[in-house]
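The values are calculated or read from the model by the stated rules, or taken from the named source; none is laboratory data. Keep in mind that what you see is a predicted model, and the values were worked out from it rather than measured. Cβ coordinates were reconstructed from backbone atoms using ideal geometry, including for glycine residues, and neighbour counts include every protein chain displayed.
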Amino acid sequence: MVKAMRILVSVNNKEGIVDFLKRISGSSPEIFASDGTAAFLASNGIKCRPVSDLTGSGSILGGRVKTLHPAIYAGLLSTRDEKSDSELKRFGYGNFDMVVSNLYPFGEVAESGALNSMVENIDIGGVSLTRAAAKNWTFVTILTSPEDYQKVADEIVANGSVTPETRKELALKAFAVTAAYDALIYTSLYRKLYSTEPDHLFMNYSDRIRLRYGENPDQKGYMYRQPGRVGIPNAKQLHGKELSYNNILDASTALETLQEFEEATAVILKHNTPCGVSSAESIEKAFIVAYNADSESAYGSIVALNREVDEGTAREVAGHFVEVILAPSFSEESLVVLKKRKNLRVLEVNLERDNSLRYRSIPGGMLVQSPMITAIERLEKTGDFEATDRQLKDMVFAWKVAAHCRSNAIVLASDLTTLGIGAGQTSRIESLRIAVGRAGRKVNESVMASDGFLPFSDSVKLAAESGISAIIQPGGSIRDEEVIAECNRLSIPMYFTGRRVFLH
């Protein structure tokens, strides 16, 4: 015979709760509920009793106190031994076998920024119920999410009880819920009250995925996901083998580069730095031109496209060795083509930017900064020579790409296509030499973008000798006048962005 269960229900999110309780009704549960939940359950045909039947008091202080009473917590925290049973019997209390509890929507309210609403949506009773039930998982099942109702109902219907392993899993999930909730409250209130980042850093990432390894085979690797729609962790994989640690890093950089452009654009990326970028009238042409910008480096690359992938584009991509292709959507015909490449990872991504803080762990600490701003507020002509409209468009294009290359970065471009990229060097002129070498004969009449100021005029001399026709850079060097003078001597237009875009 199935043992009758004693259940306490106090939920803000009432999704699925009626169906869940009806499904386990065969176990003849005795259900107690907080005032609002009890009224909701009763209106939906669920027989339950208010917790005031146990506490002898209804909710007080405008609902701030409902379940905070020994009659509730003794039944949650009892260790079910002779001593505990004796104590509960003396006070007339009973044990609880299950708690269904989810919390006030503090996060949703915090987005409005109204302090009073934020404070009133700090859940006290729900958190206390959840922690107490989770602490006593040996005897009590704690449900904090509607997504777990089916699994628990299946076990109760099949076995008359919840397995110890499931109780343990649910308890750990409950502790994660309360930890994230407390961190959200602290962080949101601190920002509201002091208009700055808090003294203590708490991060909430979930859905751990164990990767095959980290950057190298002898390193363990994991990926965690933040709630939301943005970024590679929230992409939908449509095909291919599992993503590696390096695939994820590279795909993320490719996506951030792609987000700079409104025009149909293709980004080809290798080892966390773009090697070919092009904007064109169609996504197929953009891919072809971007790939050929540096086909040698593009072998085994990440391909990022900001338009739906059609069959023609898919055939072009499938003709090369590509590790990952990402785009906002794929036609059915394109997927037929791409899925013929067994190991090619196909990712459907949201192109929306992530404007949250950026974190970088270092031994013994964490560095935190706001996202890099690449937009040029005012383009300043510095010397005697003015760029053509075409040169200006190419310079802004090259600037956007340079912002996503490792410093020191130099990008050469023409016709909205990169020709040569030099990045990750300790010397800026060495980056220029690399970029010129990658561009080869195409360098003539190209434009040059630098992610940081030109510290000496030697870069201008090399640019002129190589056939570069215009320069865009942040400015701000103590030798700016010397560099401007050299541009004037060599008849090269140079523009300052007033903004540095280093990427270390």
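Applying the selection to the stretch 452-484, what residues are of a type outside the set (A, V, I, L, M, F, W, C) and under 24 Å from residue 292 (Cβ atoms)?
At the first step, the residues of the stretch 452-484 found to be of a type outside the set (A, V, I, L, M, F, W, C) are 452, 455, 457-459, 461, 465-467, 469, 473-477, 479-482.
Hits for the stretch 452-484 are 466, 467, 469.
Could you go through the stretch 245-257 and let me know if any residue there is crowded, with 20+ Cβ neighbours inside 10 Å, of a type in the set (Asp, Glu), at pLDDT 95 or above and part of a loop (DSSP other than H, G, I, E, B). No, the stretch 245-257 has no match at all.
The residue that is farthest from residue 399 (Cα to Cα), counting only those in the stretch 440-455 that are of a type outside the set (D, E, K, R) and exposed (fewer than 15 other Cβ atoms within 10 Å of the Cβ), is 440.
In summary, helices (runs of 4 or more DSSP H) completely within the stretch 111-191 and bearing 2 or more residues that are surrounded by 16 or more Cβ atoms within 10 Å (Cβ to Cβ) and touching a residue at least 40 places away in the same chain (Cβ under 8 Å) occur at 125-135, 149-159.
Checking each residue in the stretch 317-350 for being among the β-branched types (Val, Ile, Thr) and assigned to a strand (DSSP E or B) picks out 322, 324, 325, 346. Residue 31 fulfils the conditions (1) out of contact with any Cys (no Cβ under 6 Å at 6 or more places or on another chain); (2) at pLDDT 90 or above; (3) not in a helix (DSSP H, G or I) except for a single criterion, (1).
Yes/no matrix, rows are residues, columns are (1) surrounded by fewer than 13 Cβ atoms within 10 Å (Cβ to Cβ); (2) part of a helix (DSSP H, G or I); (3) assigned by TED's automatic domain parsing to the domain that holds residue 141:
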position	(1), (2), (3)
54	no, yes, yes
62	yes, yes, yes
74	no, yes, yes
86	yes, yes, yes
89	yes, yes, yes
93	no, no, yes
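Being more than 30 Å from residue 283 (Cβ to Cβ), among the hydrophobic types (A, V, I, L, M, F, W, C) and under 29 Å from the mean Cα position of the chain (by Cα), is that true of even one residue in the stretch 367-384? Before you say what the answer is, go through the steps one by one.
So the first thing to find is which residues in the stretch 367-384 are more than 30 Å from residue 283 (Cβ to Cβ), and the list is 367-370, 378, 380-384.
If we keep only those that are among the hydrophobic types (A, V, I, L, M, F, W, C) as well, we get 367-368.
Narrowing the set further to residues that are under 29 Å from the mean Cα position of the chain (by Cα) leaves 367-368.
Within the stretch 367-384 (the criterion being more than 30 Å from residue 283 (Cβ to Cβ), among the hydrophobic types (A, V, I, L, M, F, W, C) and under 29 Å from the mean Cα position of the chain (by Cα)), the answer is yes, since at least one residue qualifies.
Residues that are in contact (Cβ under 8 Å) with a residue 24 or more places away in the chain and buried (at least 19 other Cβ atoms within 10 Å of the Cβ) are absent from the stretch 208-230 altogether.
Among 353, 360, which is under 19 Å from the mean Cα position of the chain (by Cα) and either part of a strand (DSSP E or B) or under 17 Å from residue 247 (Cα atoms) (or both)? Walk me through how you get there before you give the answer.
On the way: 353 fails: either part of a strand (DSSP E or B) or under 17 Å from residue 247 (Cα atoms) (or both).
Criteria check complete, one pass: 360.
Annotation note: of 314, 286, 304, the sole residue that is assigned to a helix (DSSP H, G or I) and under 22 Å from residue 399 (Cβ atoms) is 286. Each residue in the stretch 307-323 was checked for being crowded, with 24+ Cβ neighbours inside 10 Å and either among the hydrophobic types (A, V, I, L, M, F, W, C) or within 22 Å of residue 249 (Cβ to Cβ) (or both), and 3 pass. The sole residue among 458, 354, 415 that is more than 25 Å from residue 476 (Cβ to Cβ), of a type outside the set (A, V, I, L, M) and free of Cβ contacts under 8 Å to residues at least 40 places away in the same chain is 415.
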